[in-house]
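Since every read-out is calculated from the coordinates, none of them should be taken as a lab result. None of these values were measured; they are calculated from a predicted model. When we count neighbours, we look across all protein chains shown, and the Cβ atoms used for this are built from the backbone with ideal geometry, even at glycine.
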Amino acid sequence: MKTMRKIAAITAAALTLGTTAQAANIVEIAAGDERFSTLVAAVSAAGLAETLSGPGPFTVYAPLNDAFDALPAGTVETLLKPENKGDLTNVLLYHVDDRKLTAEGIPAGSNYFKPVLASERLCITKGASGVSIADGTGETANVVVANIMADNGVIHVIDKVLLPGTRPACH
């Protein structure tokens with residue numbers, strides 16, 4: 001995991017070099033926050049940094065490093081191998097919506113949302129206690145920080161890596 005964090009730090013430095021005084025995009029914000037170093041390393045390994053730095057709009061459900069650390073031992077390292085780029089890309093795209101969806105824009109109750117990984121669905125529930133996201137494993141991530149605004153979308157920080165699978169029960 002230390003090697004990944006080192007790769008992430010180098011990637012973050014490379015991604016932020018040459019930026020202008022404009023507002024930061026999603027990748028620049030993530031690269032500037034050590035809590036997302038594993039996510040930044042994964043986005044870079046999947047070749048998605050340029051896309052997520054583009055005009056968007058995007059909503060990214062961004063797992064914290066602790067969320068990646070909670071995966072079974074070796075999972076992240078396996079996904080980062082070049083031969084697993086397709087699987088890594090699918091996992092990452094499951095965290096991206098091609099709209100700018102602020103917490104205020106999420107309707108109350110439980111609703112299906114379609115991430116960029118087109119064949120899959122997420123169940124996002126908004127209630128008095130906040131926003132949670134059920135993934136293809138049936139487990140739930142909690143939004144721990146909402147509405148980090150970027151010039152190309154919004155980031156919602158989550159406490160679990162979302163994994164594709166079967167359609168979660170939503171109603």
Problem set entry | Gyration tensor (alpha-carbon) shape descriptor, the range 57-101, a/c threshold 1.5 | oblate
Problem set entry | Label-to-label distance, nm, for residues given as Asp66 and Tyr112 (7 Å Cα→Cβ offset) | 3.3
Exercise. Can you list residues whose amide H is under 5 Å from Val154's amide H, if they're 5+ apart or on another chain and H is modeled 1.01 Å from N?
Worked result: Phe58, Thr59, Val60, Leu101
For this session: Take every Cα pair under 8 Å in the chain that's 6+ residues apart, average their separations, divide by the length, and report that relative contact order as a whole percent.
Result: 23
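Note down the net charge around Thr59, summing +1 for each Lys or Arg and -1 for each Asp or Glu among other residues with Cβ under 9 Å from its Cβ.
Numbers: positive: Arg99, Lys100; negative: Asp97, Asp98.
Cβ neighbours under 9 Å give a net charge of 0.
Give me the percent of Cα-Cα pairs in the range 108-171 that sit more than 17 Å apart, rounded to a whole number. Intermediate results must be reported in sequence, preceding the final value.
Working: 821 of 2016 pairs.
Summing the P(r) of the range 108-171 above 17 Å gives 41 percent of all pairs.
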Exercise. What is the order of Glu120, Glu104, fewest Cβ neighbours within 10 Å to most?
Worked result: Glu104, Glu120
